[in-house]
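Enquirer: Sharing a structure here in structure tokens format.
The values are calculated or read from the model by the stated rules, or taken from the named source; none is laboratory data. Predicted model, so just to flag it, every value in this text is computed and none were measured. Here the Cβ positions follow ideal geometry from the backbone for every residue, glycine too, while neighbour counts run over all protein chains shown.
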Amino acid sequence: MLFACLGISMVSCNNMLDVDPQDALDTEKVYSSVSNFEKGVLGSYSLYSPEYSVLIGSIMADECRLNPRNNGVNGFGNLLNRWEYTSEDDILLKAWKNYYADIYSINLLLENAGKVPVRNEQERSKKKSLVAELYGLRAMIHFELHRNFGASDADGNEALTIPYITDTDVNKKPGKISLSKFYEYIWLDLERTKDIDETVDFRMNKNAVTALEARVALYQKNYIVALAKSTQIINQFPLSDLSQYENIWKDKSPSEVIFRLKRSNDNKLRPNTLWEDYAAGRKFFQPSYKLMNSYTDSDIRLSNFNFNKDENTEEEFINKYPGNDFSDKVNDVKVFRVSEMYLIRAEANFFLNRKDAALQDIHELRKHRISNSAELNTIDLNTILNERYLELSYEGHRYYDLKRLKLPVKRLEKDLAAEGDQKDLNSNDKAYILPVPLKETIVNPNLK
């Protein structure tokens, strides 16, 4: 069996896939109509938790420092943060299981989509869109698995990454595949999204696919495509101005958000719960001094949300997800924002030796974030990566940005959890690349 997670029930938002995956092939109700098939597709969203990448991308990097009370056997993410984890780490296993379980659900729907009857041209078009949506989701989730468990993209086309699963045969034991083969699969799935819906909210739509294509192309170092795809989005979505920006994070405005996933109190894992245990009143992580000190006083990202102090403990806390009008502990997941597209285009232009264009995009972003922003005179890769650090903090990018370029993680001494902790994580260090969970490699040694 490929997945140690196959015993987990696949619960959709309407319980239509609430069956053991090995028995799911006998479930026919979801394929009885286009309407029911759409409910099955919605179930794939309810299963998917990109919050794992948000968490890992932050705590493995230099965005967080460990709260002193988040330690010992009851610690949450503390071993990942201190680079002392093993392949038995619980968070890594949960991320692997969640992503591959959702891929199984998607593949099950795709394999049986042909059974879904259509009564008219409208239903035919809807069914095509739903199938395209599933291909887009499958590509996105595989890419998250690659970002977490694959080799650095700087290692070249023959470096190994996770298997790309396109069927529901649980008896297969696939091994890792080359990066070139992985990207071949992912682009094939992305090409199959041409019939996807243009505008549907909280789900993969045409703009979400284009944003994903821009991100994938950047990692692949396909800068011409990254430039073209990011520009398509930039031409449609304006950056939020200083007065609008705070409302993005309070879910009051969808401004500059390309694709988001709905969250409620029913979601145990959501952006708000990654940094603090609300029930116990215990913070897991606080903002790193390195990140706090990187903002200027006139930067809206600092003054509005990142580093407030708890009135009871006087501890700084991560407040990028402050809640909405109905709950101070619930926020949607912002999967793609147009600011990322500006940063993708800037990096693509930089590597295409169009440095003036790269500088222009960085200036445009800074103008929408910093009052009376001073213009930069020159640009280099560090400038672009620093802007990504400031703009995309706690959104699941920093560790993956450094990893894809094979750059070290560098922390300040005062951000370390304990005296003597490792301050820098270099690309040749054992902890630099996350391992496939041990439970998976025991079942399938081909994943080693």
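Enquirer: With touching a helix residue (DSSP H, G or I) at 6+ places or on another chain (Cβ under 8 Å), more than 25 Å from Asn444 (Cα to Cα), touching a residue at least 24 places away in the same chain (Cβ under 8 Å) and not β-branched (Val, Ile, Thr) as the only criterion, which of Leu80, Leu108, Leu130, Leu92 stands out?
Expert: Leu130
Enquirer: Right, next: So is Glu111 more than 30 Å from Glu28 (Cβ to Cβ) and either in a helix (DSSP H, G or I) or acidic (Asp, Glu) (or both) or not? Talk me through it step by step, then tell me what you get.
Expert: Numbers: more than 30 Å from Glu28 (Cβ to Cβ): no; either in a helix (DSSP H, G or I) or acidic (Asp, Glu) (or both): yes.
No.
Enquirer: In this structure, is Glu123 surrounded by fewer than 17 Cβ atoms within 10 Å (Cβ to Cβ), in a helix (DSSP H, G or I) and touching a Pro at 6+ places or on another chain (Cβ under 9 Å)?
Expert: Numbers: surrounded by fewer than 17 Cβ atoms within 10 Å (Cβ to Cβ): yes; in a helix (DSSP H, G or I): yes; touching a Pro at 6+ places or on another chain (Cβ under 9 Å): yes.
Answer is yes for this residue.
Enquirer: Given the conditions (1) closer than 15 Å to Glu340 by Cα; (2) in contact with a Pro (Cβ under 9 Å, 6 or more places away or on another chain), which single one is not true for Ala228?
Expert: (2)
Enquirer: Ok, one more. Residue under question is Glu213, and the condition is that it be charged (D, E, K, R), at pLDDT 95 or above and buried (at least 22 other Cβ atoms within 10 Å of the Cβ); does it hold?
Expert: Numbers: charged (D, E, K, R): yes; at pLDDT 95 or above: yes; buried (at least 22 other Cβ atoms within 10 Å of the Cβ): yes.
Criteria met by Glu213.
Enquirer: Given Asn446, Asn386, which one is at pLDDT 95 or above, more than 30 Å from Arg369 (Cα to Cα) and surrounded by fewer than 19 Cβ atoms within 10 Å (Cβ to Cβ)? First the steps, then the outcome.
Expert: Numbers: Asn386 fails: more than 30 Å from Arg369 (Cα to Cα).
Answer to the check: Asn446.
Enquirer: Further question: Hey, does the stretch 52-64 have a residue that's surrounded by fewer than 21 Cβ atoms within 10 Å (Cβ to Cβ), closer than 19 Å to Arg138 by Cα and either at pLDDT below 50 or not hydrophobic (A, V, I, L, M, F, W, C) (or both)?
Expert: Taking the stretch 52-64 first, the residues surrounded by fewer than 21 Cβ atoms within 10 Å (Cβ to Cβ) are none.
No, there is no match, as no residue in the stretch 52-64 is surrounded by fewer than 21 Cβ atoms within 10 Å (Cβ to Cβ), closer than 19 Å to Arg138 by Cα and either at pLDDT below 50 or not hydrophobic (A, V, I, L, M, F, W, C) (or both).
Enquirer: Moving on to the next point. From the list Lys127, Lys176, which one is among the basic types (Lys, Arg) and under 30 Å from Asp401 (Cα atoms)? Can you show your working first?
Expert: On the way: Lys127 fails: under 30 Å from Asp401 (Cα atoms).
The conditions single out Lys176.
Enquirer: Taking the stated definitions as given, is Phe326 out of contact with any Asp or Glu (no Cβ under 7 Å at 6 or more places or on another chain), under 20 Å from Val257 (Cβ atoms) and in a loop (DSSP other than H, G, I, E, B)? Before you say what the answer is, go through the steps one by one.
Expert: Working: out of contact with any Asp or Glu (no Cβ under 7 Å at 6 or more places or on another chain): yes; under 20 Å from Val257 (Cβ atoms): yes; in a loop (DSSP other than H, G, I, E, B): yes.
It is true that Phe326 is out of contact with any Asp or Glu (no Cβ under 7 Å at 6 or more places or on another chain), under 20 Å from Val257 (Cβ atoms) and in a loop (DSSP other than H, G, I, E, B).
Enquirer: When you check Val118 against the structure, is it under 23 Å from the mean Cα position of the chain (by Cα) and more than 30 Å from Leu392 (Cα to Cα), yes or no?
Expert: Working: under 23 Å from the mean Cα position of the chain (by Cα): no; more than 30 Å from Leu392 (Cα to Cα): yes.
Spelling it out, it is not the case that Val118 is under 23 Å from the mean Cα position of the chain (by Cα) and more than 30 Å from Leu392 (Cα to Cα).
Enquirer: If you take the residues of the stretch 309-332 that are at pLDDT 90 or above and touching a Gly at 6+ places or on another chain (Cβ under 9 Å), which of them is nearest to Val225 (Cα to Cα)?
Expert: Among residues in the stretch 309-332 that are at pLDDT 90 or above and touching a Gly at 6+ places or on another chain (Cβ under 9 Å), the one nearest to Val225 (Cα to Cα) is Asn331.
Enquirer: All but one of (1) under 30 Å from Asp251 (Cβ atoms); (2) outside any helix (DSSP H, G or I); (3) out of contact with any Leu (no Cβ under 9 Å at 6 or more places or on another chain) hold for Asp197; state the number of the condition that does not hold.
Expert: Failed condition: (3).
Enquirer: Kindly list, by first and then second residue, each pair from a residue in the stretch 55-71 that is in contact (Cβ under 8 Å) with a residue 40 or more places away in the chain and closer than 23 Å to Trp96 by Cβ to a residue that is part of a loop (DSSP other than H, G, I, E, B) and acidic (Asp, Glu), limited to pairs with Cβ atoms under 8 Å and residues at least 6 apart or on different chains.
Expert: Listed pairs, sorted by first residue: Gly57/Glu395.
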